[in-house]
1. Can you tell me which of Arg57, Arg68, Arg34 is touching a helix residue (DSSP H, G or I) at 6+ places or on another chain (Cβ under 7 Å) and not polar (S, T, N, Q)?
2. Over 18 Å from Thr111 (Cα atoms) and at pLDDT 85 or above, is that true of Gly62?
3. Filter segment 31-65 down to the residues that are in contact with a Phe, Trp or Tyr (Cβ under 7 Å, 6 or more places away or on another chain) and closer than 23 Å to Ile158 by Cα and list them by number.
4. Please enumerate the residues belonging to segment 85-110 that are in a loop (DSSP other than H, G, I, E, B), out of contact with any Phe, Trp or Tyr (no Cβ under 8 Å at 6 or more places or on another chain) and either modelled with pLDDT of 70 or more or of a type in the set (S, T, N, Q) (or both).
5. Cβ contacts < 9 Å: first residue part of a helix (DSSP H, G or I), restricted to segment 25-49; second residue at pLDDT 85 or above and of a type in the set (Ser, Thr, Tyr), any location; separation 6+ or different chain. Result?
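The values are calculated or read from the model by the stated rules, or taken from the named source; none is laboratory data. Bear in mind the structure is a predicted one, so any value in this text is a computation, not a measurement. Here Cβ is always computed from backbone atoms with ideal geometry, including for glycine, and neighbour counts include all displayed protein chains.
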Amino acid sequence: MLTEPNQMMCSFMGNFFVSEGRQGNVLRVLAKGRVPDLDIISIMQNIFCGRFYDEGRLIALGGVLRMRNGRVAQNVMAEQYPPRVLSFIDLARSFQCHDIELESDLIAVGTIINTEPEILSEELRYGSPLPKRHHQFHSFSNYGAGGQFVNDITKDTIEYEGYFNLASKNYMWD
């Protein structure tokens, strides 16, 4: 969490897209509604992987995703992590999942890489499988809603607008 402008602290996991803010080409994504049970990020990652994975190199996008008109599920992590986490499923089960009515725009920032998403069908959130990913989208709003984006709950009414840019360097530590 950023509390001091000259110092950034992160918990045990984070992803960051740093931009110089210059004008240029971006990838704009517009979507209304959702057909599959997967979340919008996993859908985009599937498309990205299907188009660019065969080239045998890691490609990353960073960007902003705006959500409106519906409800979304957000994970909120505890201030302290469980003392012993044996698996990703154990960690995911320790999160508090909140159902949020979108009063106005919800803004999420994050990264996507061109690898195939790992979907955990044994762990569901609002009827949709939970993706296991290192690259996540964290959201905020002007009305106090926020967290780690999980999925939309109102797949017929939700609207997405995203702007993404290509990362020139990608670093990943596990």
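1. On the way: Arg57 fails: touching a helix residue (DSSP H, G or I) at 6+ places or on another chain (Cβ under 7 Å); Arg68 fails: touching a helix residue (DSSP H, G or I) at 6+ places or on another chain (Cβ under 7 Å).
None of the others qualify; the one that does is Arg34.
2. On the way: over 18 Å from Thr111 (Cα atoms): no; at pLDDT 85 or above: yes.
When the stated conditions are applied, Gly62 does not pass them.
3. At the first step, the residues of segment 31-65 found to be in contact with a Phe, Trp or Tyr (Cβ under 7 Å, 6 or more places away or on another chain) are 31, 40-41, 59, 61-65.
Result: Ala31, Ile40, Ile41, Leu61, Gly62, Gly63, Val64, Leu65.
4. Answer for segment 85-110, where residues must be in a loop (DSSP other than H, G, I, E, B), out of contact with any Phe, Trp or Tyr (no Cβ under 8 Å at 6 or more places or on another chain) and either modelled with pLDDT of 70 or more or of a type in the set (S, T, N, Q) (or both): Ser87, Leu102, Asp105.
5. So the pair list comes out as Ile40/Tyr160.
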